Amino acid sequence: MKHQLNIVQGDITKERVDAIVNAANTSLLGGGGVDGAIHRAAGPQLLEECRTLGGCPTGQAKATKGYRLPARYVLHTPGPIWRGGTKGEPELLRQCYQNCLALAEELQCKTVAFPSISTGIYHFPLEQAAGIAVSTILDFLKTSQFVEQVKMVCFDGRTKGVYDAALAEA
């Protein structure tokens, strides 16, 4: 099967994939945006398991079960907060995608769904974030043993349009 990246608009908590990615905060104990939505949809067991993980540094990733989600796993990754782009934010964002995909590979996941990491309340510029996400995912898929399909699940039409453009340029 050809490895592929698809851009869709929708609700990541409803994706029927092996793993969804949670744009978490470093505590992993839930928050706003996609993090809060994933915690609400997964149920209280997700928070209980997250409490045992001891947090997660920005750019790294940790896995939990999916609980009430249609996904088997949740891959939690704290994205960088945008501070003007001079504090290593682009490289940290790239690491979020790389580390989640490496974890998905380790868990032998065939399908993974990502949100647009750091582009909400963390204010990472959307066009730059989309370029980083698309190039990192496409590079990973070239050598992946297990991961066959990655979905970028965009919350709204504007975000989807930016990711579509980034994929077209890749």
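The values are calculated or read from the model by the stated rules, or taken from the named source; none is laboratory data. These numbers were taken from a predicted model, which means no experiment stands behind them. Note that we place each Cβ from the backbone using ideal geometry, even for glycine, and neighbour counts take in every protein chain shown. The accessibility values were calculated without ligands, DNA or RNA, using every heavy atom of the protein model including side chains. Shrake-Rupley method; radii C 1.70, N 1.55, O 1.52, S 1.80 Å.
With a sphere of radius 12 Å drawn around the Cβ of H76, what net charge do the other residues whose Cβ falls strictly inside it have (Lys, Arg +1; Asp, Glu -1)? The partial results should precede the final answer.
On the way: positive: K62, K65; negative: D35, E49.
Summing Lys/Arg as +1 and Asp/Glu as -1 gives 0.
Semi-axes of the stretch 69-148's equivalent ellipsoid from the Cα gyration tensor, sqrt of 5 times each eigenvalue, largest first, rounded to whole Å?
23, 14, 10
Using the crude model of +1 on Lys and Arg Cβ and -1 on Asp and Glu Cβ, and no other charge, please compute the dipole size for the stretch 107-163 relative to its Cα centre, in debye to 20.
Dipole magnitude for the stretch 107-163 comes out near 120 debye.
Rank these residues by their accessible area, most exposed first, probe 1.4 Å: H39, H123, H76, H3.
H123, H3, H39, H76
Counting other Cβ atoms within 10 Å, which trypsin sites (Lys or Arg not before Pro) in the stretch 6-41 have at most 16 and lie in a DSSP loop?
In loop regions of the stretch 6-41 (DSSP not H, G, I, E or B), the sparsely surrounded trypsin sites (Lys or Arg not before Pro) are R16.
Over the chain, what is the relative contact order in percent, taking alpha-carbon pairs closer than 8 angstrom and at least six residues apart?
About 31 percent, as a whole number.
Starting from the exponent 0.38 and prefactor 2.2 Å, build the expected Rg for the chain from its residue count and divide its actual Cα Rg by it. Can you show the working numbers first?
On the way: Rg = 14.4 Å, N = 170, 2.2 N^0.38 = 15.5 Å.
Scaled against compact globular proteins, the figure is 0.93.
Quick one: of the DSSP bridges fully inside the stretch 30-170, what percent are antiparallel, nearest 5?
The answer is about 50 percent antiparallel.
Let me know the charge dipole size of the stretch 60-170 about its Cα centre in debye, to the nearest 20, where only the beta-carbon of Lys, Arg (+1) and Asp, Glu (-1) is charged. Spell out each step's value before the answer.
Numbers: 12 positive and 10 negative charges, 88 e Å.
Once rounded to the nearest 20, the dipole reads 420 debye.
Using the charge dipole of the stretch 29-91 (Lys, Arg: +1 at Cβ; Asp, Glu: -1 at Cβ; taken about the Cα centre), state which of L46, G79, G36 has its Cα farthest towards the positive end.
L46
So how far apart, in nm, are the two label points at E48 and A165 if each is 7 Å from Cα heading toward Cβ?
4.6
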